[in-house]
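Trainee: Quick one: the structure is below, and I'll ask about it shortly.
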Amino acid sequence: MEPLVLIVEDEPPLAELVRYNIEKEGFRALCVGDGEEAMLLVEEEEPDLVILDWMLPGLSGIEVCRRLRERKSTKSLPIIMLTARGEESDRIRGLDSGADDYIVKPFSPNELLARAKAVLRRSSPALAQDKLNYEDISMDLTEHKVLRDEIPVHLGPTEYRLLRVLMERPGRVFSREQLLDKVWGRDIHVEVRTVDVHIRRLRKALSINDRPDFIRTVRAAGYSLDSTV
């Protein structure tokens, strides 16, 4: 799946401009107009990057940033702060609150995209790459090819997306519900046990010449890609 960007901006025209340019670049995007809803969506959607306006109704962007940094689950979540405040003291305050970068309005969409890519490269290098590698498994995201020890692995579209999610964050345990959302999408109704069926297919496809598949089943939790099993 492409990186998910959460845009927190209470000016609809600007929010749509940012969304348009983010999606044109191939990212997925969600827009929300206030801080409280942003906090909820971060928990529900697990975005890869937050583009956060400083001045928001109710909970300010600065406070949203502080709260996200206080949570263990979002402590390292990349955040770019947008603001009309251009004074040096304001920039320092924004960065001190935990923002990874700071952009003053008005700004160029191209500048925002460049900053977003740079932040993603630093925080999650796999999300900005054309190829993913784990042990002897390699995935070419441009050509949609998977190799195991240089031998082609033939995967269906669902197994390919499933492997990509696991390879983007090796070692992380994904619940079945999280895999459903990331691989099938929130708007599609699929039974949870469907994940197990496709995991079995993926394991079988990866087991070339009886090699280990590296997919670990975590009892009552889900699955992860982990070569230590």
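No value in this document is a laboratory result; all are computed from the given coordinates. Just so it is clear, the structure is predicted and the values come from calculations on it, not from any experiment. Quick reminder, even Gly has a Cβ in these numbers, built from the backbone with ideal geometry, and neighbours come from all protein chains shown.
Trainee: Quickly work out the residue 71-to-residue 104 label distance, labels modelled 7 Å from Cα along the C-beta direction, and quote it in nm with one decimal.
Mentor: Result: 3.1 nm between the two label points.
Trainee: Here's something else I'd like to know. Restricting to the chain, what percent of DSSP beta bridges are antiparallel, rounded to 5?
Mentor: Around 50 percent of the beta bridges assigned by DSSP in the chain are antiparallel ones.
Trainee: Compare the peptides 65-77, 31-43, 210-222 by average per-residue count of other Cβ atoms within 10 angstrom and give them in order, highest first.
Mentor: 31-43, 65-77, 210-222
Trainee: Evaluate the distance, in nm, between pseudo-label points positioned 7 Å from the Cα of residue 45 and of residue 147 along their respective Cα→Cβ axes.
Mentor: Going from the residue 45 label point to the residue 147 one covers 3.6 nm.
Trainee: Oh, and also: Would you mind checking the tilt of helix 193-206 against the longest principal axis of the Cα atoms of the chain, expressed as 0 to 90 degrees and rounded to 10?
Mentor: Tilt relative to the chain: about 60 degrees.
Trainee: Working from Cα positions, state the angle (0 to 90°, nearest 10) between the long axis of helix 109-123 and the longest principal axis of the chain.
Mentor: 50 degrees
Trainee: What is the projected area of the convex hull of the Cα atoms of region 4-127, averaged over all directions, in nm²?
Mentor: Reported value for the Cα convex hull: 6.8 nm².
Trainee: Does anyone have the angle between helix 61-70 and the longest principal axis of the chain? Alpha-carbon axes, 0 to 90°, nearest 10?
Mentor: Relative to the chain, helix 61-70 is tipped by roughly 40 degrees.
Trainee: Which one, 38, 21, 113, projects farthest toward the positive side of the charge dipole computed for region 4-127 from Cβ point charges (K/R +1, D/E -1)?
Mentor: The residue sitting most towards the positive pole is 113.
Trainee: May I pose another question? Using only DSSP helix segments of four residues or longer, with each worth -39500 (n - 2.57), what per-residue ellipticity at 222 nm results for the chain after dividing by its residue count and rounding to 500?
Mentor: When only DSSP H runs of four or more count, the value is -11500 deg cm²/dmol.
Trainee: So how far apart, in nm, are the two label points at residue 59 and residue 114 if each is 7 Å from Cα heading toward Cβ?
Mentor: Distance between label points: 3.3 nm.
Trainee: Let me ask another. Quick one: net charge of residue 143's neighbours, Cβ under 14 Å, K/R +1, D/E -1?
Mentor: Neighbour charge sum, excluding residue 143 itself: +1.
Trainee: Mind telling me which of 111, 168, 177 comes out most flexible in a GNM of the chain, alpha-carbon contacts under 10 Å?
Mentor: Of the options given, 111 has the highest mean-square fluctuation.
Trainee: Got a sec? Charge dipole of the chain, +1 on Cβ for Lys and Arg, -1 for Asp and Glu; which of 132, 205, 189 is way out at the positive end?
Mentor: 205
Trainee: Of the trypsin sites (Lys or Arg not before Pro) in region 113-184, which ones lie in a loop per DSSP and count no more than 14 other C-beta atoms within 10 Å?
Mentor: 172
Trainee: To the nearest 20 debye, what charge dipole does the chain have about its Cα centre, counting +1 at the Cβ of each Lys and Arg and -1 at the Cβ of each Asp and Glu?
Mentor: Computed about the Cα centre, the dipole is about 860 debye.
Trainee: Next question, about the same structure. Once you list every other residue whose beta carbon is under 15 Å from the beta carbon of residue 207, what net charge do they have if Lys and Arg are +1 and Asp and Glu are -1?
Mentor: Combined, the nearby Lys, Arg, Asp and Glu give +1.
Trainee: Just name one of 61, 160, 8: the one whose Cα is farthest towards the positive end of the charge dipole of the chain (beta-carbon charges, Lys/Arg +1, Asp/Glu -1).
Mentor: 160
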